[in-house]
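As structure tokens, the structure follows; a few thoughts come after it.
The values are calculated or read from the model by the stated rules, or taken from the named source; none is laboratory data. For clarity, every value in this text was computed on a predicted model and none was experimentally measured. Backbone-built Cβ (ideal geometry, glycine too); neighbour counts: all protein chains shown. SASA here: full protein model, heavy atoms, side chains in, ligands and nucleic acids out. Shrake-Rupley method; radii C 1.70, N 1.55, O 1.52, S 1.80 Å.
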Amino acid sequence: NDKVEDLVPLIQNTIPQLIRILEDNGEIYWFCGGGGSPILAWAWLEFKKFEPELRVKNLLVWDKQFVGLGWDWRFQYETIFQLVKGKGIENTDKSASNVIRAKKVIPQEGEHPTPKSIEVISEILTRKPSKLVLDPFSGGGTTALAAKMLWRDFIGIEIEPKYVEIARNRLKQDLLF
């Protein structure tokens, strides 16, 4: 639900820091909503300003398999920018689609309002093996949990203490896999 006036400074302040710490041939996956405003176009234009250090390689679509709220054409997807430094990480599955189908996660009271599907995050991490996973907007810790399940090192950053606690509790639980 970001507004353009919030998104532009967020990208301008965050991307240079991510470029600075990103390894050569590293990748960033930036979730950008499903529409309702020209937010996707604004994000793309902002990302283009960081070329050639970082470039948009692809746009993934998370098909949430459920129609959301709305009045006209209702959204059931979320876009995910694949941003790469250098060549990016080699995909381990050459038949992988840029459409990932996984049910929408409906937050319960007190949870993060825009949770990501563990299936979506796991799909990305499985296809793009890396030594370290960083999530600078960790929310309820889905990326950290997916990284843990896949035996990856991770760093999660979140400014809201209640979401940090939710993420900690999720990571403490025994994982069955």
Query raised in the report: Leaving out ligands, DNA and RNA but keeping every protein chain, what accessible area does Val164 have, in Å² rounded to the nearest 10, with a 1.4 Å probe?
Result: 40 Å²
Report summary line: Given pairs Lys48/Lys87; Lys116/Lys172; Lys3/Lys87; Lys49/Lys87; Lys48/Lys148; Lys116/Lys162 and cut-off 28 Å on Cα-Cα distance, the over-length ones are Lys3/Lys87; Lys48/Lys148
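Using r as the Cβ-Cβ distance of Lys3 and Glu119, and R0 as 25 Å, what FRET efficiency do you calculate, to the nearest 0.05? Working shown, then result.
Values: r = 29 Å, r/R0 = 1.14.
For Lys3 and Glu119, the calculated efficiency is 0.30.
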**Report entry** Gain upon complete extension [Leu69, Met149; 0.36 nm per residue less C-alpha separation]
**Finding:** 25.6 nm
**Report entry** Probe 1.4 Å, protein heavy atoms only - accessible area per residue of the chain in square angstrom
**Finding:** 64 Å²
Report task. Could you pull out every whole DSSP H run in the chain that spans at least 18 Å of Cα extent along its own axis and averages -1.0 or higher on the Kyte-Doolittle scale? Result -> 4-21
Query raised in the report: For Lys104, which aspartates and glutamates qualify as cross-link partners when the Cα separation must be under 15 Å and same-chain residues fewer than eight apart are set aside?
Result: Asp63, Glu78, Glu119, Glu123
**Report entry** Sparse-neighbour loop sites [trypsin sites (Lys or Arg not before Pro); segment 95-177; at most 12 other C-beta within 10 Å; DSSP]
**Finding:** Lys103, Lys131
Query - Accessible area of Val67 in the full protein assembly, 1.4 Å probe (Å², nearest 10) - result: 60 Å²
Query raised in the report: Within segment 109-177, which GluC sites (Glu not before Pro) sit in a loop by DSSP and count at most 10 neighbouring Cβ atoms inside 10 Å?
Result: Glu109
Query raised in the report: Share of the chain's accessible area from carbon and sulfur, percent, 1.4 Å?
Result: 55 percent
Report task. Would you please name the chymotrypsin sites (Phe, Trp or Tyr not before Pro) within segment 122-172 that are DSSP coil residues with at most 12 other C-beta atoms within 10 Å of their C-beta? Result -> Trp151
Query raised in the report: So if R0 is 35 Å, what FRET efficiency would Glu23 and Ala96 give, r being the distance between their Cβ atoms, rounded to the nearest 0.05?
Result: 0.95
Report task. With a ≥ b ≥ c taken as the square roots of the eigenvalues of the C-alpha gyration tensor of segment 1-158, please select rounded if a/c is under 1.5 and otherwise prolate if a/b is larger than b/c or oblate if it is not? Result -> rounded
Requested in this report: Quote to one decimal, in nm, the extra length available between Thr126 and Leu10 on full extension: 0.36 nm per residue of separation minus the C-alpha distance between them.
Outcome: 39.0 nm
Query - Theoretical gain in end-to-end length, Gln173 to Ile89 [0.36 nm per residue, Cα-Cα removed] - result: 27.2 nm
Requested in this report: Kindly work out what percent of the DSSP beta bridges joining two residues of the chain are antiparallel, to the nearest 5.
Outcome: 65 percent
